[in-house]
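Read the structure below first, then the notes.
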Amino acid sequence: MLAGYAVHAEDSRGRRYPEPPHPYRDDFQRDRDRVIHARAFRRLEAKTQVFTRRYSDHFRNRLTHTIEVAQIARTVAAQLDLNVDLVEALALVHDVGHPPFGHAGEKALDAAMQRHGLFFDHNLHALRIVEDFESRYAAFRGLNLTFEVREGIIKHSRDYSAAQFPELAEYLLDQRPPLEAQLIDPADEIAYSTADLDDGYEARLLTLPRIREGVPVFDSFFRDAEREFPQAIEKLQFNEALKRMLDRFVGDFIINTQRQIGTAGVNSLQDVRAFPRRLAGFSEEVDRERGEAKEFLYQNLYLSPALESEKASAERVVTELFDFWMEQPESLPASYQEKAQQEPLARVVCDYIAGMTDNYIYQQYEKYCGESSGAALP
Ligand code: MG
């Protein structure tokens with residue numbers, strides 16, 4: 001039973017190219033499945049989230065991170081009587097626009113584009129992937145996703161102004177996205193702020209005393225875990241504390257969003273869209289705790305000297321390859337050379353690089369920039 005303010009599949013604004021209904025899956029279930037079968041989705045497996053493969057094969061990559069976000073988002077959506085299939089489609093697609101090498105790759109790609117008066121934005125890139133680059137169907141380009149999934153790709157984490165992005169006008173930029181899209185970003189935050197503590201601890205870049213000192217909410221759950229399981233090894237006490245922290249964030253997110261929906265008097269999807277702010281979010285108290293965890297991760301993990309050489313290497317590979325193809329576009333694959341007849345070369349080179357996995361870009365670097373990947377690796 002969906003809430004009145006949920007997105008109902010039968011009310012979808014539909015696809016760019018109309019298609020007959022499927023006998024046993026609705027439009028959002030089909031969109032979710034189209035994302036799963038997309039090449040860009042499979043490539044997430046070989047893209048860095050925070051740690052490269054150098055650390056461990058059981059740390060998160062962008063694919064397993066995506067699956068964790070989908071798990072959290074589904075749980076929240078079900079509790080709020082939202083459309084779980086739409087939420088799952090949006091969670092699974094939320095990171096497909098990310099270039100290789102995590103945040104460092106994105107920064108380097110954007111900096112390279114800025115030198116040509118352009119920019120790189122992973123949400124806009126994700127939209128280009130599902131609209132244009134995915135080539136699976138004889139009847140149309142792209143995945144031909146419903147309006148609601150494309151809108152969610154654009155709006156899940158930020159607002160774009162219609163004045164600055166006239167090409168996005170069809171996505172109702174003056175309105176809030178449906179709650180299904182609003183909950184993706186907080187679910188993403190919950191997923192990575194707990195997972196990165198876990199992987200950082202396992203990588204021995206974060207120590208237990210440092211985490212307990214820097215993340216008070218974790219510390220209080222760790223004290224409970226020690227008291228309840230005094231015989232358990234430290235890692236299992238750690239897991240217990242982390243699980244409870246995740247549960248606290250998810251529970252608060254559900255209850256606070258429910259409360260905000262009630263206070264706002266929102267009863268329909270149109271009310272959600274017309275409301276002046278987004279309604280999905282944490283309480284003040286938990287938002288502060290989440291902020292502390294995030295800040296701790298920035299200071300002690302993302303910006304730590306331990307990951308510095310990896311980031312420098314990522315930056316070098318992206319920047320040098322970008323400049324190489326700008327100077328020698330004849331070395332691009334034929335399909336990209338063709339595209340460069342219609343679009344700025346920098347955009348075409350950017351699209352090519354953004355689609356690459358970590359492995360593939362290292363191969364290309366070795367091939368064209370004359371260094372073995374061993375030299376590029378930290
Ligand atoms: Mg993410």
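Just so it is clear, none of the values below were taken in a lab; they were calculated from the coordinates. In this text the structure is predicted, and so the values were computed from the model without any measurement. Reconstructed Cβ throughout: ideal geometry from the backbone, glycine too, with neighbour counts over all protein chains shown.
Points worth noting:
- Gyration tensor verdict on the chain (Cα atoms; rounded if a/c is under 1.5, prolate if a/b is larger than b/c, oblate otherwise): oblate
- Taking the centroid of alpha carbons for each part, the stretch 6-51 and the stretch 256-324 are 23 Å apart.
- Packing order of peptides 355-366, 83-94, highest average first: 83-94, 355-366 (average count of other Cβ atoms within 10 Å over each peptide's residues).
- Pairwise FRET efficiency - D224 versus I255, Cβ, R0 = 30 Å, nearest 0.05: 0.90
- Remark: the Cα gyration tensor places the stretch 135-189 in the oblate category, a/c being 1.5 or greater and a/b not exceeding b/c.
- Annotation: extensible slack from A306 through R128 equals 60.6 nm (criterion: 0.36 nm per residue apart, minus Cα-Cα distance).
- Cβ-placed point charges (K, R +1; D, E -1), dipole of the stretch 7-132 about Cα centre in debye, nearest 20: 660 debye
- The residue list Y368, P344, Q328 was ranked by how far each Cα lies along the charge dipole of the stretch 307-376 toward its positive end, using unit charges on Cβ atoms, and P344 comes out on top.
- Counted by Cβ distance under 12 Å from T64, the other residues give a net charge of -3, where Lys and Arg count +1 and Asp and Glu count -1.
- Cα-centre dipole for the stretch 269-378 with unit charges at Cβ (Lys and Arg positive, Asp and Glu negative), debye to 20: 360 debye
- Excluding same-chain neighbours fewer than eight residues apart, the lysines reachable from K311 by a Cα-Cα span under 20 Å are K47, K107, K294.
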